[in-house]
Amino acid sequence: MNYQPNSDLLKDRTILVTGAGDGIGRAAALAFAEHGATVILLGRTVEKLEQLYDDIVAAGCPEPGIVPMDLEKAGQSEITELAQVLIENYGQLDGLLHNASILGERVPFDHYSIEQWQRVMQVNSTAVFVLTRLLMPLLRASKDARVVFTSSSVGETPRAYWGAYSVSKYAMEGFAKLMADELENTSNIRVNILNPGGTRTAMRAKAYPAEDPNALKTPEDLMPLYLYLMGPDSREEHGKTFTSAWSG
Ligand code: NDP
C-alpha cells in the first residue's frame, strides 16, 4: 500500500492494542505512537510491554499505558475493571486493534486436544467479543473510533489441519461483520478486518518451521495499512476485509 500518513495522523487519539508485546502488535503500537497516538499496550508478558513502553518514551512519543492481561484467563470482572480504569484515565477510546492470538495445534481435527481447542477459541474469538462488548462505551465516547480485527486467510476459508485457529478466526470475522452491520447507520465507529498475510514473526515461524523468514515481509512493512485503517482517512471503509498487498 502506498498510503503516506501525516506524522500527526493519530494525534490526540487513544488506541488500545492487544498482543502489543511482540510481532505485528508491537510494530503497530510503535507506529501508532510515532504518529501521535497514546497507545494502551495490552499483553500477557509484562517485560515485553515494559520494553516497548521504554522504546516509545525514548522516541519522544506520548506516554503509553500498560495493561498486563492474559486473555485466556481474563473474565468479565477483570475486563470491566479495565474499562473503568480507561474511562477514568482517558475518557474515550479512538481505536481498538484486536491482534493477540495463539496458533494452537496443526493436526487433523479428530486428533485435536479439546482443552487446546477451548483455549484457542477463548483467546482468538471469545475474548475479542468480551473486550469489544465491555469497551463499547469508550468507543462510543469517541467522535469517530476505529475497530480493526486481525484475521487470516484460514479465517475467510477454513483449511484442513488449521483446527481451532481457523475456526476461531472464522467466528471472529463473523462477529466483526455483524458488528459492522449493526453500527453502519447508528454510529461513527468504523469496523474492518485486516489479514496481514505471511509476516516474519514468532507465530509464522511456528506455523511454517521450514520457511526462510527472510523471504517474508516484516511487521513494519504492514504499517501503512494499519495506520490507514486506524486513522481518520479510512472514514469511508466499513465492514470490509483488507489484505496486505506487499509483494517483496
Ligand atoms: P506473535 O505470536 O508474534 O504475537 C502475538 C502476540 O499476542 C504476542 O505478543 C503474544 O504475547 C500475544 N498473546 C498471545 N496470547 C495472548 C493472551 N492469552 N493474552 C494476551 N496476549 C496474548 O503473532 P503475530 O504477530 O504473527 O500475529 C499477530 C496477529 O496477526 C494474530 O492475530 C495472527 O493470527 C495474525 N496473523 C499473522 C500472520 C503472520 O504471518 N505472522 C498471518 C496471518 C494472520 P506474548 O508476547 O506473551 O507471547
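The values are calculated or read from the model by the stated rules, or taken from the named source; none is laboratory data. Everything numeric here is computed off the predicted structure, so don't read it as measured data. Note that each Cβ is placed from the backbone with ideal geometry, even for glycine, and that neighbours are counted across all protein chains shown. Please note that ligands, DNA and RNA were not included when accessible areas were found on the heavy atoms of the full protein model with its side chains. Shrake-Rupley method; radii C 1.70, N 1.55, O 1.52, S 1.80 Å.
Here are the numbers for the structure shown:
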item: Of all residues in region 149-167 being more than 9 Å from the ligand (Cβ to nearest atom) and of a type in the set (Ser, Thr, Tyr), the one that is least open to solvent (accessible area, probe 1.4 Å); result: 166
item: Strands (runs of 3 or more DSSP E) lying entirely in region 28-118 (those with 2 or more residues that are of a type outside the set (S, T, N, Q), surrounded by fewer than 22 Cβ atoms within 10 Å (Cβ to Cβ) and at pLDDT 95 or above); result: 65-68
item: Test result for residue 125, crowded, with 19+ Cβ neighbours inside 10 Å, without any contact (Cβ under 8 Å) to a residue 24 or more places away in the chain and within 13 Å of the ligand (Cβ to nearest atom); result: no
item: Filtered residues of region 33-51 (kept if in contact with a Lys or Arg (Cβ under 8 Å, 6 or more places away or on another chain), within 23 Å of residue 92 (Cα to Cα) and within 15 Å of the ligand (Cβ to nearest atom)); result: none
item: Of all residues making up region 7-22, the number that are over 9 Å from the mean Cα position of the chain (by Cα) and either under 17 Å from residue 50 (Cβ atoms) or part of a loop (DSSP other than H, G, I, E, B) (or both); result: 9
item: Within region 63-106, tally of residues that are β-branched (Val, Ile, Thr) and more than 20 Å from residue 125 (Cα to Cα); result: 3
item: Qualifying positions in region 164-204 - hydroxyl-bearing (Ser, Thr, Tyr) and either more than 23 Å from residue 224 (Cβ to Cβ) or outside any loop (DSSP other than H, G, I, E, B) (or both); result: 165, 166, 168, 170, 186, 187, 199
item: Flag if residue 28 is out of contact with any Asp or Glu (no Cβ under 7 Å at 6 or more places or on another chain), under 11 Å from residue 226 (Cα atoms) and not β-branched (Val, Ile, Thr); result: yes
item: Among residues of region 219-243, those that are within 13 Å of the ligand (Cβ to nearest atom) and open to solvent by 30 Å² or more (accessible area, probe 1.4 Å), counted; result: 5
item: Failed criterion for residue 54 (all others in (1) within 27 Å of residue 205 (Cβ to Cβ); (2) in contact with a Ser or Thr (Cβ under 9 Å, 6 or more places away or on another chain); (3) more than 15 Å from the ligand (Cβ to nearest atom); (4) acidic (Asp, Glu) hold); result: (2)
item: Test: residue in region 187-200 that is without any contact (Cβ under 8 Å) to a residue 12 or more places away in the chain and open to solvent by 20 Å² or more (accessible area, probe 1.4 Å); result: no
